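Notes for the one structure printed next.
The values are calculated or read from the model by the stated rules, or taken from the named source; none is laboratory data. Since the model is a prediction, treat every value here as computed from it, not as a measurement. Glycine gets a Cβ as well: all are built from the backbone with ideal geometry, and neighbour counts include every protein chain shown.
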Amino acid sequence: MKKQSSLSKLMDYAGNFRYLTVASWVLSALSALVALLPFVYIWMVIKEVLDAAPDYSAVENLAHNGWMAVLFSVVSMLIYVSALLCSHLAAFRVQRNIRSKAMHHIVKLPAGFMDEIGSGKVRKIIYESSAATETYLAHQLPDKANALATPVGLLILLLVFDWHLGLLSLVPIVFAFMIMSAMTGKRMAKKMEEYNNALGQMSNEAVEYVRGIAVVKTFGQSVFSFKRFKESIDNYEKWVIAYTKDLRMPMVFYTTLVNAIFAVLIAAAMVMASDGVTNEFLLNLLYYIIITPIITLTLTRIMYASENEMIVDDAMKRIDSIMNLKPLSEPLEPQHPKDNSIELTDVFFKYSGANKNVLNGISISVKPGEHIALVGPSGGGKTTLASIAARFWDVDSGTVKIGEVDVKNISKEELMNTVSFVFQDSKLFKTSILENVRMAEPDASRDEVLQALHDAQCDDILEKLPYGIDTVVGTKGVYLSGGERQRISIARVMLKNTPILILDEATAYADPDNEAKVQAAFNALAKGKTVLMIAHRLSAVTGVDRIYVIKDGNVDDQGTHSELKDKNGLYADMWNQYNNAAKWKVGAVND
């Protein structure tokens, strides 16, 4: 099947507005042809002056020809403005449709998609790539039609007055065009892709760096603490310098040739006029010197149009990379969970592009109302395991069941109403606390939100805020500590009131004062619910029904806290290290 071009894809996004795009091309091309007519009248002006010399009183049509040149210049501009009006209307609609369709598609993708790709890269694709298509359709495509129509009319004008001078003026253009083709071919397309890859990587790492800036400031570290961010900047620098040096000489020759037309004409005139200069020859020479700079401008516009095509091709590839991701399948005949149990059987999972599995045949079982903890070394697969249970991704093999029903057979809406996830760094939106909590249940009343906030131990937060529950948090509002944000996030989950709760390091960002309140909120939240908890602070898991020790994507051990701490295993070592760290104090230095 023939590959669809980027322009064809853009026309699909344009819908009925594609006709405005076509109209912009036609009008822009017409504008280019009309813009050449003033040069015909300029030729008439020069001819009349030369013919009348030295008796300039015999000049009769000078004013008429001058005003006709002005008139056609104005008409050309008006036609071009009309072309831009059509192209902008279509371009804005295309940009809107791309962003709208992309965002509607993203919300259907697995919930872990954003963590896997990176929010910085997704933002760049959706925002900057769609902006590139808007610029291309609104300005560059009409300009390309204008630039392609100009040589057609220009070629006629160059050959109709003096074909010898016309052909000579084209000689440097031919060589310049060959150099331009070499610079804007497939090799340039590859370079453009590398350029956008470097920018995308730098954007992604910049987002991660900014998110961790608090850690950098707290511990007095430099940018070298974020090695990947520094490497992305260095890689971009090396690429840009190498690319610039690579195109330096071709660009010098190209610029010299496109600006050397008048020099060729003057040299030719010196040879051709060795036997004397006639008025006709002088007229044509002056005319060609005046009109040939249009060739330079036109060729440069064509070159940049070719580069812009590569930019939009790359932008469409990146947008397609998002649009081609498959959303989670929806069951044709949804089934309903029988209870609040969770069961993973022989689950294998590997992230796309990874070399090895994150989960290697893991099996765990959580009974309805049971509280389970996942502990173990960092990178062992705890968060991935919990995410799989909430169907952030589909497993490569094995089964994941909730209420004895495979999660693939549960509708997305029912799964969201069955499982809630409290992250270690929960996000609040730039709106009021009321609306932040109400996101869990948009139809919830103000009193219901206040009750959820009370149950989540948030009364002290509301008391100190200037507008209580109506206070806006974030930009242009108040800022809350990590523990305070976590308690408001817990209130959101309480309002949702799902029967299964997954806690991923939920007290990680809480200070000692907030931790007690966060833990009290969790205790209220977890009553009567099935809980799957990930924790590094082992003091938080001593009272759970069962602990799974996860290491290298496998279940290393399982049991209660009492059973595991008395074994000679990984959990016992972790427990001893945790207690030693908790007892550590700064002592006085002996003299």
Q: Kindly provide the set of residues from region 393-416 that are touching a helix residue (DSSP H, G or I) at 6+ places or on another chain (Cβ under 8 Å) and not basic (Lys, Arg), ordered by number.
A: TRP393, ASP394, VAL395, VAL400, ILE402, VAL407, LEU415
Q.
Taking the criterion of being modelled with pLDDT of 75 or more and among the hydrophobic types (A, V, I, L, M, F, W, C), would at least one residue in region 504-518 satisfy it?
A. no
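Quick check on VAL252: is it modelled with pLDDT under 75, more than 34 Å from the chain's Cα centre (by Cα), farther than 30 Å from GLU48 by Cα and in the same structural domain as LEU170 (by TED's automatic domain parsing)?
Considered against the rule, which asks whether it is modelled with pLDDT under 75, more than 34 Å from the chain's Cα centre (by Cα), farther than 30 Å from GLU48 by Cα and in the same structural domain as LEU170 (by TED's automatic domain parsing), VAL252 comes out as no.
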(Q) Can you pull out every residue in region 327-367 that is modelled with pLDDT under 90 and among the acidic types (Asp, Glu)? (A) GLU330, GLU333, ASP339
Q.
Looking for something closer than 18 Å to HIS336 by Cα and touching a residue at least 24 places away in the same chain (Cβ under 8 Å) - is there at least one such residue anywhere in region 438-454?
A. no
Q.
I'm trying to understand the selection: among the residues of region 386-415, which are of a type outside the set (A, V, I, L, M, F, W, C), more than 29 Å from the chain's Cα centre (by Cα) and not in a loop (DSSP other than H, G, I, E, B)?
A. SER397, GLY398, THR399, LYS401, ASP406, LYS408, ASN409, GLU414
Q) Which ones in region 540-573 are touching a Gly at 6+ places or on another chain (Cβ under 8 Å) and among the β-branched types (Val, Ile, Thr)? A) ILE547, VAL549, ILE550
**Q.** Total residues in region 353-379, condition in a loop (DSSP other than H, G, I, E, B) and farther than 26 Å from GLN577 by Cα
**A.** 9
Q | Filter pass, ILE98 being farther than 30 Å from LYS412 by Cα and in a helix (DSSP H, G or I) | A | no
Q.
Residue under question is VAL45, and the condition is that it be surrounded by fewer than 17 Cβ atoms within 10 Å (Cβ to Cβ) and either at positive phi or in a helix (DSSP H, G or I) (or both); does it hold?
A. no
Q: Would you mind telling me which numbered condition in (1) within 27 Å of ASP394 (Cβ to Cβ); (2) at pLDDT below 85; (3) assigned to a helix (DSSP H, G or I) ALA111 fails?
A: (3)
(Q) Exactly one of these conditions fails for GLY483: (1) closer than 30 Å to GLY361 by Cα; (2) touching a Lys or Arg at 6+ places or on another chain (Cβ under 8 Å); (3) of a type outside the set (Val, Ile, Thr). Give me its number. (A) (1)
Q) Can we say VAL541 is buried (at least 19 other Cβ atoms within 10 Å of the Cβ), at pLDDT 85 or above and out of contact with any Cys (no Cβ under 8 Å at 6 or more places or on another chain)? A) no
Q) In this structure, does LYS121 turn out to be modelled with pLDDT under 90, surrounded by fewer than 17 Cβ atoms within 10 Å (Cβ to Cβ) and under 23 Å from ASP394 (Cβ atoms)? A) no
Q: Could you check, for region 377-387, whether at least one of its residues is under 21 Å from GLN335 (Cα atoms), among the aliphatic types (A, V, I, L, M) and buried (at least 21 other Cβ atoms within 10 Å of the Cβ)?
A: no
**Q.** Which numbered condition LEU148 fails, given (1) more than 23 Å from MET11 (Cβ to Cβ); (2) at pLDDT below 80; (3) in a helix (DSSP H, G or I)
**A.** (1)
Q | Exclusive hit being modelled with pLDDT of 85 or more, in the same structural domain as LEU503 (by TED's automatic domain parsing) and either under 16 Å from LYS496 (Cα atoms) or under 30 Å from the mean Cα position of the chain (by Cα) (or both), set LEU480, LEU462, LEU434 | A | LEU434
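Any residue at all in region 382-401 that is in the same structural domain as ALA354 (by TED's automatic domain parsing) and in contact with a Pro (Cβ under 6 Å, 6 or more places away or on another chain)?
Yes, region 382-401 contains a residue that is in the same structural domain as ALA354 (by TED's automatic domain parsing) and in contact with a Pro (Cβ under 6 Å, 6 or more places away or on another chain).
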Q) If you check every pair at least six apart or on different chains, which have Cβ atoms under 6 Å apart with a residue in region 70-84 that is in contact (Cβ under 8 Å) with a residue 60 or more places away in the chain first and a residue that is surrounded by 13 or more Cβ atoms within 10 Å (Cβ to Cβ) second? A) TYR80/SER31; ALA83/SER24; ALA83/LEU27; ALA83/SER28; ALA83/PRO142
Q. Failed condition for TYR548, given (1) under 27 Å from ILE388 (Cβ atoms); (2) part of a helix (DSSP H, G or I), with all others met?
A. (2)
